[in-house]
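Notes to accompany the following structure.
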Amino acid sequence: MTVSALSRKALVGALITASLGLFACERLGNGIDARRDISFSVLSSDDAKTQALWAPVVTDLQKQTGLQVKIVPSVNYDAQVLAFQAKKVQAGWFPNLSGAEVLGRGHGEVFAEAEGVTAYQSLIIVPATSKLKAEDLLKCDRKVSLGLGERRAAASGQAPLYYFFQPNKIDMKTCFKTVTLGTADENVAGVVSGKLNAAAVDTDILLALRQTAPETFAKVKVIWASEALPEDVLIYRNDLDPVTREKLRSFFLSYGRAPGAEGDRQRGILAALQLDGFAPEDDDHFIPIRLMKASVDLMRAERAENKALIAKAKERLEKARADKRAADATTAPQAPADARPASVGR
């Protein structure tokens, strides 16, 4: 279309869009544009609280890097994945399943993980006065009302299936009186009120209850805990320019490590986020989550007798297993430097 064919309004709009593009990026040479602003994604059901907790980090990030940073809270896993896929955010703090999905779609790269946090586990809780034990959940007598986390919740939704029910060949549809899906708060409330005999939650919700609602915390007890699960990670888009990527990586990996009063201030900010700092990490972080998700998806597909879904789940499971073998091979334990070599011919 020629310029003369454009309406004045359209032409002005095109000029504004071009100008915004120039402000958002700066030319580095060799055809590379470095961003001047980024949107940073976090999962949150409370935008105001999230903004308040992350605001000091964002302020420091802006001062150190010169980037203009905007926090973009997402209310659920799907919203966080879609925002990243649509390029509405360039980096973010991702939990297990949404982070694994972002990587699976080829949009992101892990560059740091939480450091010094309490082991993140899947838990099954019951009322504090209940005599129910973990083995009672495996009786398949249709007497227990069980609450699970939403399907995209790794700790409360998928981990109990993968680590506890699936190995014991429990059919969730036939072994329980009812199985409901809910948030961690809903599952805790269900157990406390007696509507649920047992429910899956995670360590984070119980730690929060102990601090903010000790009277509720005292009304539940844990009867099962999974092995430690991967923690949340920092991810940036893999099409983000290398200069901006390095700014983000350097900032987060050094944050909270400064000496003296400045370091104390930064560590206080991290403590409010229940973090000690950040350590380098890569995409192998999500291999356990990919194994768990593919295995659970395969179980569901087989019970639904859906051949197409079975094939897809098997393909994802084998790919995750292959990646685990490759990762294990590159991190195999080494013999001590002074170990004696095995004798030949014995």
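Structure notes:
- Filtering the stretch 275-283 for residues that are within 30 Å of L317 (Cα to Cα) and in a helix (DSSP H, G or I) leaves a non-empty set.
- Every test in (1) under 22 Å from the mean Cα position of the chain (by Cα); (2) over 30 Å from D323 (Cβ atoms); (3) at pLDDT 95 or above; (4) surrounded by fewer than 18 Cβ atoms within 10 Å (Cβ to Cβ) is passed by A271 save one, and that test is (3).
- Residues in the stretch 218-234 that are closer than 24 Å to P167 by Cβ and among the acidic types (D, E) were compared, and the one that is surrounded by the most Cβ atoms within 10 Å (Cβ to Cβ) is E231.
- Counting only residues that are in a loop (DSSP other than H, G, I, E, B), in contact with a Ser or Thr (Cβ under 8 Å, 6 or more places away or on another chain) and within 21 Å of D276 (Cα to Cα), the stretch 223-249 holds 0 of them.
- Boolean, K143 is touching a residue at least 12 places away in the same chain (Cβ under 8 Å), surrounded by fewer than 15 Cβ atoms within 10 Å (Cβ to Cβ) and not hydrophobic (A, V, I, L, M, F, W, C): yes
- Residue tally, condition surrounded by fewer than 18 Cβ atoms within 10 Å (Cβ to Cβ), of a type in the set (S, T, N, Q) and closer than 29 Å to K219 by Cβ, over the stretch 78-129: 2
- The residue that is farthest from the chain's Cα centre (by Cα), counting only those in the stretch 36-77 that are aromatic (F, W, Y) and open to solvent by less than 40 Å² (accessible area, probe 1.4 Å), is W54.
- Elements of type helices (runs of 4 or more DSSP H) in the stretch 1-101, at least 1 residues being modelled with pLDDT of 85 or more: 47-65, 77-85
The values are calculated or read from the model by the stated rules, or taken from the named source; none is laboratory data. Just so it is clear, the model here is predicted, and its values are computed rather than measured. For neighbour counting, all protein chains shown are included, and Cβ atoms are generated from backbone atoms with ideal geometry for every residue, glycine included. When the accessible area is computed, the model is the full protein with side chains, heavy atoms only, and any ligands, DNA or RNA have been set aside. Shrake-Rupley method; radii C 1.70, N 1.55, O 1.52, S 1.80 Å.
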